[in-house]
Amino acid sequence: MIAPVPAIAIETPLSADMGEMIAELNALLLTLSPPEACYHMTAEEMAGETTTVFVARIDGKVAACGALHRHPNGVAEVKRMYTRPAYQGLGLGGRILDRIIALATQEGLSELVLETGDKHPAAWRLYERAGFNRCGPVLDYPDSPYSIFYSRPLAAA
């Protein structure tokens, strides 16, 4: 069997198929953490000028996504990382994260940070393989037993 070849590109999160995937991600996260510990960006927020959304498609279908959200002072955040179950195990999350790191580095940002849930061991492995280290709360996130925080310094391109 030949493995499918993903196409990864910067896309708007406002398309119908991205809207479906974002809703799917939000529903999944609410099964893993209480609502007050879910820090979703809406599709409209993701479409803002400070955010770049990467989308992986296989045979034209949305398979995975992730976003780079810029904050002041050279800090950027990894947001909305998700691979649909049918496409897990293909390395899409790692490829999208590589694109996020490359763009942040190219833009001269100094640090990438993120918040993920306490029940996401696959995400922890992905981030740790990419050089992220666990840390205390980042940005304006509250310290919560439901959150795991990571940071990764960046070298200028």
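The values are calculated or read from the model by the stated rules, or taken from the named source; none is laboratory data. What you see is a predicted model; the values in this text were computed from it and never measured. Every residue, glycine among them, receives a Cβ derived from its backbone with ideal geometry; neighbour counts consider all protein chains shown.
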Fill in the blank from the handout: Within the stretch 136-157, the residues that are surrounded by 13 or more Cβ atoms within 10 Å (Cβ to Cβ) and either more than 18 Å from SER33 (Cβ to Cβ) or touching a Cys at 6+ places or on another chain (Cβ under 7 Å) (or both) are PHE149, TYR150, SER151, ARG152, LEU154
Exercise for the section: Hey, could you check the stretch 134-157 for residues that are part of a strand (DSSP E or B) and out of contact with any helix residue (DSSP H, G or I) (no Cβ under 9 Å at 6 or more places or on another chain) and say which is nearest to ASN73 (Cα to Cα)? Expected result: PRO153
Exercise for the section: Say whether the condition of being touching a Phe, Trp or Tyr at 6+ places or on another chain (Cβ under 7 Å) and β-branched (Val, Ile, Thr) is met by at least one residue in the stretch 46-68. Expected result: yes
Practice task
Pick out the one residue from ARG80, ARG84 that is basic (Lys, Arg) and over 22 Å from ARG152 (Cα atoms).
Solution key: ARG84
Practice task
Taking GLY91 as meeting all but one of (1) within 16 Å of ILE10 (Cα to Cα); (2) surrounded by fewer than 22 Cβ atoms within 10 Å (Cβ to Cβ); (3) not aliphatic (A, V, I, L, M), write down the number of the exception.
Solution key: (1)
Practice task
Would you please name the residue that is surrounded by the most Cβ atoms within 10 Å (Cβ to Cβ), looking only at residues in the stretch 107-122 that are closer than 27 Å to LEU90 by Cα and small (Gly, Ala, Ser)?
Solution key: GLY117
Problem - Matching residues in the stretch 102-119 - criterion: being farther than 18 Å from LEU139 by Cβ and not charged (D, E, K, R) - result: ALA102, LEU103, THR105, GLN106, GLY108
Exercise for the section: Please determine, by comparing only the residues of the stretch 48-71 that are touching a strand residue (DSSP E or B) at 6+ places or on another chain (Cβ under 8 Å), under 21 Å from ASP140 (Cα atoms) and of a type in the set (Gly, Ala, Ser), which one is surrounded by the fewest Cβ atoms within 10 Å (Cβ to Cβ). Expected result: ALA67
Fill in the blank from the handout: Filtering the stretch 85-125 for residues that are in contact (Cβ under 8 Å) with a residue 40 or more places away in the chain and within 18 Å of LEU32 (Cα to Cα) leaves a count of 6
Exercise for the section: Hey, could you check the stretch 1-19 for residues that are out of contact with any Leu (no Cβ under 8 Å at 6 or more places or on another chain), aliphatic (A, V, I, L, M) and part of a loop (DSSP other than H, G, I, E, B) and say which is modelled with the lowest pLDDT? Expected result: MET1
Problem - For ARG129: the one exception among (1) surrounded by fewer than 13 Cβ atoms within 10 Å (Cβ to Cβ); (2) within 16 Å of HIS40 (Cα to Cα) - result: (2)
